[in-house]
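I have placed the structure first, in the form of structure tokens, so that the comments after it can refer back to it.
Derivation of every value follows stated rules applied to the coordinates shown; laboratory data play no part. Please read all numbers here as calculations on a predicted model, not as lab measurements. In this analysis, Cβ positions are derived from the backbone assuming ideal geometry, glycine residues included, and neighbour counts consider all displayed protein chains.
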Amino acid sequence: MAKFNRETVLNVHRWTDNLFSFRTTRDTAFRFDSGMFVMIGLEVDNRPLLRAYSIASPAYAEHLEFLSIVVENGPLTSRLQHIKPGDEILVGHKPTGTLLLDNLDSGRNLYLLATGTGLAAFMGIVQEPDAYERFEKVVLIHGVRNIAELAYRDFFTSQIQNDEYIGELAQNQLVYVPTVTREPFERQGRIPDHLVSDAFYDSLGLPKLDPAQDRVMVCGSTAMLKDLAALLEGLGFEEGSNAKRGQFVVEKAFADQTPSRATAAAE
Ligand SMILES: Cc1cc2nc3c(=O)[nH]c(=O)nc-3n(C[C@H](O)[C@H](O)[C@H](O)COP(=O)(O)OP(=O)(O)OC[C@H]3O[C@@H](n4cnc5c(N)ncnc54)[C@H](O)[C@@H]3O)c2cc1C
């Protein structure tokens, strides 16, 4: 049996020269939890060329959505950047991941901390009614270098508020916090610096992060995960996993080492 489905690209949105998102059809038998990632890719020379991608759409959506970087000379993304509606994408059969609401204890506020394409992992979670039932506020902090990299900004500032399914919950409970490091913007600076700043919480009208009450999900580079895990553990947060619920969970937004084609294709 094939290890992947063949889905059709429905539309493509280009955010910058190096960042795009796309929507595909979804096999009705393909099941996942919001926040999971899956191997996706293209057939190249009659072989699958696959990479891990967070699913940037909620578990209940009819379609699948992905947000992608373009890596110069990257085996997959140098090709994937050219996809257009009607093209075929391979989607693996085994979605997985740790950024699941089920892996967190219940609590007061849920913080979703993402840099770059790490945002993709939280696109499904912010559209999940369960997130708003279990937490008073869902605080999404997206850190990027340049303003243009704030993908889905319009979605957070207007579209989600008008969504017929999730709109009212998002209006009342979603707090979207974009932050930029390399050019002037309404909020500047790195996520770890914000999290230890009283002025940051004051500006949002939120209480300071508290391990006894708040829960955190983190998705970014290895360096970002290391910094934030150390910061959270320093504050007394305990890490959760698929085996045991906790107060925070982390996942890489990308691997530092290039996976071999054989490894990726074997998934
Ligand atoms: C759990 C997981 C989830 C992922 N989810 C996504 C996602 O939703 N969107 C996405 O674009 N990528 C995601 N990635 C990265 C993705 O698997 C590929 O690495 C990426 O698509 C580039 O593929 P490539 O073959 O062109 O280059 P690769 O050979 O895979 O990567 C080359 C190098 O580019 C850098 N790089 C790769 N991906 C990124 C990135 N997203 N941001 C910044 N630098 C990067 C790394 O230094 C990497 O070593 C994820 C990776 C993991 C492990």
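Annotations for the structure displayed:
- All other residues whose Cβ lies under 14 angstrom from that of residue 144 are scored, Lys and Arg at +1 and Asp and Glu at -1, for a net of +2.
- Cβ-Cβ FRET estimate between residue 10 and residue 71, R0 fixed at 25 Å, reported to 0.05: 0.55
- The rule of thumb for compact globular proteins, 2.2 N^0.38 Å, goes into the C-alpha radius of gyration of region 103-185 1.08 times.
- For region 4-96: relative contact order, % (alpha-carbon pairs under 8 angstrom, 6 or more apart): 41
- Value of relative contact order over the chain, rounded to a whole percent, pairs C-alpha under 8 Å and six or more apart: 20
- Sparse-neighbourhood loop sites, trypsin sites (Lys or Arg not before Pro) in region 53-145 - DSSP loop, at most 12 other Cβ within 10 angstrom: 145
- HN-Hα J in Hz across region 242-249 - Karplus 6.51, -1.76, 1.60, θ = phi - 60°, x for Gly and Pro: 5, 8, 8, 4, x, 9, 8, 9
- Restraint check, 84/252; 3/137; 94/226; 3/226; 137/252, Cα-Cα greater than 30 Å: 3/137; 3/226
- Cross-link reach list, aspartates and glutamates versus residue 208, counting only Cα pairs under 20 Å and skipping chain neighbours closer than eight places: 105, 136, 193, 198, 227, 233, 238, 239
- Beta bridges by DSSP in the chain, antiparallel share as percent, to the nearest 5: 50
- When the Cα gyration tensor is reduced to axis lengths a ≥ b ≥ c, the ratio a/c stays below 1.5 for region 101-252, which is therefore classed as rounded.
- Cα-based equivalent ellipsoid of region 4-96: semi-axis lengths in Å, sorted from largest, via gyration tensor: 19, 15, 12
- Segment residue 43-residue 256, length gained on full extension (0.36 nm per residue, minus Cα span): 74.3 nm
- Mean shadow area of the chain over all directions, Cα convex hull, nm²: 14.1
- Amide H contacts for residue 250 (H built 1.01 Å from N in the peptide plane; partners 5 or more residues away or on another chain; cut-off under 5 Å): 218.
- Under the Karplus curve 6.51 cos²θ - 1.76 cosθ + 1.60, θ = phi - 60°, whole-Hz ³J(HN,Hα) for region 170-180, x wherever Gly or Pro sits: 5, 4, 8, 10, 8, 10, 9, 10, x, 9, 10
- Modelled this way, with points 7 Å down the Cα-to-C-beta line, the labels at residue 31 and residue 168 are 2.9 nm from one another.
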